[in-house]
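Visitor: Got a structure here, written out as structure tokens. Questions coming.
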Amino acid sequence: MNKMQYHEDDRGQRLLNVFPKVDGQVNITYVQSTQHVVAWHRHKIQTDYWMCPKGSFKVGLGHEKEDGSVEVEWRYISDKNFNVLEIPPSIWHGYKALQPESIMLYYLTEKYDPEDEEKVLPGEFGEDWSVKSK
């Protein structure tokens, strides 16, 4: 029997270690609200692969430049486009759900290790997480 781990906070619900026999780790996040930003973090070793089977997300990718500043690139993933977003080590990343009850499925090439992760708060890079109307 698989020993999954459940974690819940005001940003969403996470089911961790969904497939324990897989090298790395497969997780699912369920986000009820569009009010919270889950950012910024990066890894030294781990690569993330994100896809959205339900709803949609605004994803920020922060590329550190030689002068130490960070340039933010925006990507959007949703259930209308089943592409998988690869996030290699050293890239800052985070997300915000654009629809209530959005789900993110993600594969990590390594079992989660807090020692491999560096975090800073949303807004650290002067980015704007709001969604503009067209």
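The values are calculated or read from the model by the stated rules, or taken from the named source; none is laboratory data. If you're wondering where the values come from, they're calculated on a predicted model, not measured in any experiment. Here Cβ is always computed from backbone atoms with ideal geometry, including for glycine, and neighbour counts include all displayed protein chains. The area values use the complete protein model at the heavy-atom level, side chains included, leaving out ligands, DNA and RNA. Shrake-Rupley method; radii C 1.70, N 1.55, O 1.52, S 1.80 Å.
Visitor: Could you go through the range 25-40 and let me know if any residue there is open to solvent by 80 Å² or more (accessible area, probe 1.4 Å) and in a loop (DSSP other than H, G, I, E, B).
Guide: Yes, the range 25-40 has at least one match.
Visitor: Can you find even one residue in the range 108-115 that is over 24 Å from Gly24 (Cα atoms) and at pLDDT 95 or above?
Guide: No, the range 108-115 contains no residue that is over 24 Å from Gly24 (Cα atoms) and at pLDDT 95 or above.
Visitor: How many residues are part of a strand (DSSP E or B) and among the β-branched types (Val, Ile, Thr) if we restrict to the range 98-134?
Guide: Residues flagged as part of a strand (DSSP E or B) and among the β-branched types (Val, Ile, Thr) within the range 98-134 amount to 1.
Visitor: Can you tell which of Glu86, Glu115 is in contact with a strand residue (DSSP E or B) (Cβ under 6 Å, 6 or more places away or on another chain), without any contact (Cβ under 8 Å) to a residue 40 or more places away in the chain and open to solvent by 80 Å² or more (accessible area, probe 1.4 Å)?
Guide: Only one candidate qualifies: Glu86.
Visitor: Restricting attention to the range 49-70, and to residues there that are surrounded by 15 or more Cβ atoms within 10 Å (Cβ to Cβ) and without any contact (Cβ under 8 Å) to a residue 40 or more places away in the chain, which single residue is farthest from Val131 (Cα to Cα)?
Guide: Across the range 49-70, the extreme among qualifying residues is Leu61.
Visitor: Separate question: For the range 91-105, enumerate the residues that are open to solvent by 30 Å² or more (accessible area, probe 1.4 Å) and more than 15 Å from Gly60 (Cβ to Cβ).
Guide: Residues satisfying the conditions are Gln99, Pro100, Glu101, Ile103, Leu105.
Visitor: Further, regarding this structure: Would you mention how many residues in the range 71-83 are surrounded by fewer than 17 Cβ atoms within 10 Å (Cβ to Cβ), closer than 18 Å to Ala39 by Cβ and not acidic (Asp, Glu)?
Guide: 3
Visitor: Which of the numbered conditions does Gln46 fail, given that it passes all the others? Conditions: (1) surrounded by 19 or more Cβ atoms within 10 Å (Cβ to Cβ); (2) among the polar types (S, T, N, Q); (3) outside any loop (DSSP other than H, G, I, E, B).
Guide: Result: Gln46 fails condition (3) only.
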